Structures are given as structure tokens and as C-alpha cells.
Amino acid sequence: MDVLAEVLRVSGARGALGVMLKAGGTWGLWLDSYPGAALHVVSRGTMWLHVTGEKPLQVQAGDAVLVSPGTAHGIAGGAGVTMGSCDREEAARAFGDGRAMRLGSAPVQTEVIVLHYEQDPEVRTPVLTSLARPMHVTARENAQLRRTVELLAAELAQPQIGTTAAINSIVDLLLVQFVRAWLARHPQEQSGSWLGAMRDPVVRDALACVHAQPGLPWTTETLAAATSVSRATLSRRFRSALGQTPGAYVTQWRIDLASVRLRDTDEPVESISGAVGYGSPHAFSRAFRRARGTAPGEYRSRLRK
């Protein structure tokens, strides 16, 4: 079981092309708080990332920087440039027309590909929010990322049959590469984050069991047996890595799965309750109400209005 792949699939943490920027001279763009994560890929020239309270960050050709969800930030041609607000309507028109959005003056010195990543709001298991601060990966330190950036730029420069499918796949690949880079670079940020838990082999194996068969009657004891550790060891490692008990995580994931199925399918509540590991619809309804504040049937109706 590839736990990361499964959580990305269920949580809908997928990316999309936002807009292509071509800039020259003095330019700057302030981006208001965005609910998803933003990835800025520099294919040519140099860009500066501005985040309130932090030192401006220089991002060069072949580099990329991932900004965590909800972070207001700016991109500019220099460290001290005054930035204007983003014209979202113009950006949308540029994207719809398949053309680049121009900033500053000619000649073009910098080209930036802006990507967006969102996670299904009905899924509470965090992936993108584990990336608490902007993360900069340079072409020099990560040859694999550099090749992916070059591939993305080439597809955008010369669209052909299948380009849309290719871009979607490349955008998803970039997210996986950033997750790998984060895991390798930030061992000090492991505690309490979902991505950080992937570095603990005991917790990772326990998560793999839960995600592979969420309908089984998992308890801390049965998970400990499945991962060949003691109950006390699993509880301690789980709390250290995720800040919650194994039982709390099992419930969270089951409710996430149920929430998506209630919204996206017409399956009876009785079928969903059994599929996600509850012995009776009553037990499922009680757990769901505690987690989401409403009964499963009411939840489905509200989302479909």
C-alpha cells in the first residue's frame, strides 16, 4: 500500500495550471490568501518571492517554490519592488485563451509558470497543510525536479495532441517530488504532521494497514500486532508522529472516506457504514455526528443542495 498515493487520491490533492507569466523591467504581483497551495516554477530568468515577515527569497531558472495553503505572498522581479494586486479576471482570460499574462515592460526577462493545488474540503486528513512554510527546491540540488520543469515548459511552449493530459500528469508529479524533498530536508518538522509521520517506519506500516483495509475492526492492539510492536510502543510513536492516538486516526480516516462517498455516490448509509468499518448504521451515525456535527443523511442532503 502506497499510503501517500492513497491519501492524495481520496483527498483530491491534485494540481492545475494557473497561468503563465512573462515579465520584464520592474514588475511585482501580490497574491491574496488562496485556499490551496501555490507552486511557482521559474523556467527563465529570476523571480523573488515575498512573504510577510520573512526575507525575500530569490528563485532562479529551473527552481520552484511551493507556498502552503492560505499564505498571502507576492512575486516580483526584485527584492524591493512595490507589488500591485493580481487581476484575477485578466489571469482567467489569459488562461482560457492559452496565452501568457504579461507583466512589466519589454523585453521579457523572466518566465514563471504558476500552478495551484487544492485538497477536497470534506477530507480532514492533512497533506498539503503539512508544508507549513514556503519550500524552495533549486535546480542545482534536485536534477529530477529540473528535468520535470524543463518537460513542463516544453509542453507549454509547443502544445500538441495530448498536451493537456501531459501537463496534468506533470503537475501531479511535481507535487510528489516536493513531498519527497520535504521529507528529506525537514526531519525537525516531523512531529505532529502527516507527511512527517511517513519517516517513522512503525507509524508508516500501521497507516498502510489502515488505508489498505479501513473496514477491518482495527484497534491499537490489532495494529500493534500487525506491525510487530507492542501496544505501548505503537501508541507512543503514533502520538509523537501525528499528535493523536491510533484509534483517533482510524476514526478520522473512516469518516473522511464516508464523507466522500456520501457526497459522490448514492450508496445507502447502511452500505457505507459497513464499508468503512462500523458494525451498525447506528454506531456509524453516532461517530459521524461527533466528527461532522450532523447525521450522515443530513450531511449528504446539505452537500447536494
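The values are calculated or read from the model by the stated rules, or taken from the named source; none is laboratory data. Predicted, not measured: the structure shown is a model, and the values here were computed from it. Here the Cβ positions follow ideal geometry from the backbone for every residue, glycine too, while neighbour counts run over all protein chains shown. The accessibility values were calculated without ligands, DNA or RNA, using every heavy atom of the protein model including side chains. Shrake-Rupley method; radii C 1.70, N 1.55, O 1.52, S 1.80 Å.
Observations, loosely collected:
- Among the residues making up the range 55-88, a single one is acidic (D, E) and in contact (Cβ under 8 Å) with a residue 12 or more places away in the chain: D63.
- Subset of the range 173-211 (residues that are modelled with pLDDT of 85 or more and loosely packed, with under 15 Cβ neighbours inside 10 Å): V176, P201
- Number of positions in the range 25-42 that are more than 11 Å from V114 (Cβ to Cβ), buried (at least 17 other Cβ atoms within 10 Å of the Cβ) and small (G, A, S): 3
- L303, sole failed condition from (1) open to solvent by less than 40 Å² (accessible area, probe 1.4 Å); (2) under 19 Å from P121 (Cβ atoms); (3) aliphatic (A, V, I, L, M): (1)
- Single residue of V81, V51, V59, V41 found to be of a type in the set (V, I, T) and more than 19 Å from V108 (Cα to Cα): V51
- Residue match in the range 116-131 (condition: surrounded by fewer than 21 Cβ atoms within 10 Å (Cβ to Cβ), without any contact (Cβ under 8 Å) to a residue 40 or more places away in the chain and either among the aliphatic types (A, V, I, L, M) or touching a Cys at 6+ places or on another chain (Cβ under 9 Å) (or both)): no
- Tally, over the range 48-74, of residues that are touching a Gly at 6+ places or on another chain (Cβ under 7 Å) and at pLDDT 90 or above: 4
- Note on the range 10-24: among residues that are open to solvent by less than 50 Å² (accessible area, probe 1.4 Å) and more than 22 Å from the chain's Cα centre (by Cα), the one that is farthest from H211 (Cα to Cα) is G24.
- Any hit, the range 150-159, residues being in a loop (DSSP other than H, G, I, E, B), open to solvent by 20 Å² or more (accessible area, probe 1.4 Å) and without any contact (Cβ under 8 Å) to a residue 12 or more places away in the chain: yes
- Residues being more than 30 Å from G84 (Cα to Cα) and among the polar types (S, T, N, Q) - total across the range 1-31: 1
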